[in-house]
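Report on one structure; see the data block that follows.
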Amino acid sequence: MIERVILYFTLFVALVFAVMPLPELVQAYRPDWLLLVVAYWGLALPHRVNVGTAFTMGLMLDVLKGSVLGANALAMSVIIYVVALQFQKIRNFSVWQQAIIIALLSLMAKLFEYWMTYLAIDVDFDREQLWAVLINFILWPWVFFLMRRIRRHFRIR
């Protein structure tokens with residue numbers, strides 16, 4: 001019981017960080033907190049956090065951000081699907097190799113979000129959003145070790 005509460009609490013905190021207002025100057029550098037946390041749980045507990053969880057969290061993010069409904073949900077679902085398919089291989093990589101994979105998946109998520117938004121409303125691609133991919137790469141080791149510590153402390157399996 002406590003394991004589920006902790007797991008959903010970490011997802012909730014990541015969701016709050018994802019929609020927390022930031023100054024306009026650093027808005028482009030906002031990491032994809034929800035993607036990082038969902039990707040970690042997808043790697044650590046693929047039997048608990050799956051495509052359905054990612055879709056639900058992406059849909060919640062769409063609603064909270066006021067973006068095109070389903071854009072983040074599709075991106076998160078595809079990312080977690082890829083993680084779920086290859087979780088045993090990704091787990092065996094070093095943390096920095098995992099960071100590269102997370103950065104590539106984050107880039108794919110950004111492109112999916114843009115594509116879905118472009119199909120719904122005609123928007124131009126903002127290259128400044130790609131800074132988040134670099135920030136995700138840099139933050140992955142810290143997110144990984146923090147989440148692993150939480151998982152081990154509360155014995156979440």
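Coordinate-derived values only; no laboratory data. Note that the coordinates shown come from a computational prediction; the quantities given were computed from them, not determined experimentally. Neighbour counts are summed over all protein chains in view; Cβ atoms, including those assigned to glycine, are modelled from backbone coordinates with ideal geometry.
Observations
- Leu134 satisfies every condition listed in (1) closer than 25 Å to Tyr8 by Cβ; (2) among the aliphatic types (A, V, I, L, M); (3) assigned to a helix (DSSP H, G or I); (4) within 14 Å of the chain's Cα centre (by Cα) except (1).
- Odd one out for Gln86, checked against (1) of a type in the set (S, T, N, Q); (2) in contact (Cβ under 8 Å) with a residue 24 or more places away in the chain; (3) farther than 19 Å from Trp33 by Cα: (2)
One line per residue, one yes/no per condition, for (1) touching a helix residue (DSSP H, G or I) at 6+ places or on another chain (Cβ under 7 Å); (2) farther than 15 Å from Val38 by Cα; (3) of a type in the set (Phe, Trp, Tyr); (4) without any contact (Cβ under 8 Å) to a residue 40 or more places away in the chain:
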{"residue": "Ile90", "(1), (2), (3), (4)": "yes, no, no, no"}
{"residue": "Ala99", "(1), (2), (3), (4)": "yes, no, no, no"}
{"residue": "Ala120", "(1), (2), (3), (4)": "no, yes, no, no"}
{"residue": "Val123", "(1), (2), (3), (4)": "yes, yes, no, yes"}
{"residue": "Gln129", "(1), (2), (3), (4)": "yes, yes, no, no"}
{"residue": "Asn136", "(1), (2), (3), (4)": "yes, no, no, no"}
{"residue": "Trp140", "(1), (2), (3), (4)": "yes, no, yes, no"}
{"residue": "Phe144", "(1), (2), (3), (4)": "yes, no, yes, no"}
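- Among the residues of the stretch 13-27, those identified as farther than 19 Å from Leu130 by Cα and surrounded by 15 or more Cβ atoms within 10 Å (Cβ to Cβ) are Ala14, Leu15.
Results for (1) touching a strand residue (DSSP E or B) at 6+ places or on another chain (Cβ under 6 Å); (2) part of a helix (DSSP H, G or I); (3) farther than 22 Å from Phe12 by Cβ, shown as yes or no for each residue.
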| residue | (1), (2), (3) |
| --- | --- |
| Ser67 | no, no, no |
| Leu74 | no, yes, no |
| Ile80 | no, yes, no |
| Ala99 | no, yes, yes |
| Leu107 | no, yes, yes |
| Lys110 | no, yes, yes |
| Met116 | no, yes, yes |
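- The single condition among (1) over 25 Å from Arg4 (Cα atoms); (2) in contact with a Lys or Arg (Cβ under 8 Å, 6 or more places away or on another chain); (3) not hydrophobic (A, V, I, L, M, F, W, C) that Gly66 does not meet is (2).
- Positions within the stretch 49-84 being crowded, with 23+ Cβ neighbours inside 10 Å, touching an Asp or Glu at 6+ places or on another chain (Cβ under 7 Å) and not hydrophobic (A, V, I, L, M, F, W, C), in sequence order: Asn72
- Residue match in the stretch 123-130 (condition: closer than 21 Å to Ala14 by Cβ and part of a helix (DSSP H, G or I)): yes
- Verdict on Pro46 being crowded, with 16+ Cβ neighbours inside 10 Å, over 12 Å from the mean Cα position of the chain (by Cα) and closer than 23 Å to Ala99 by Cα: yes
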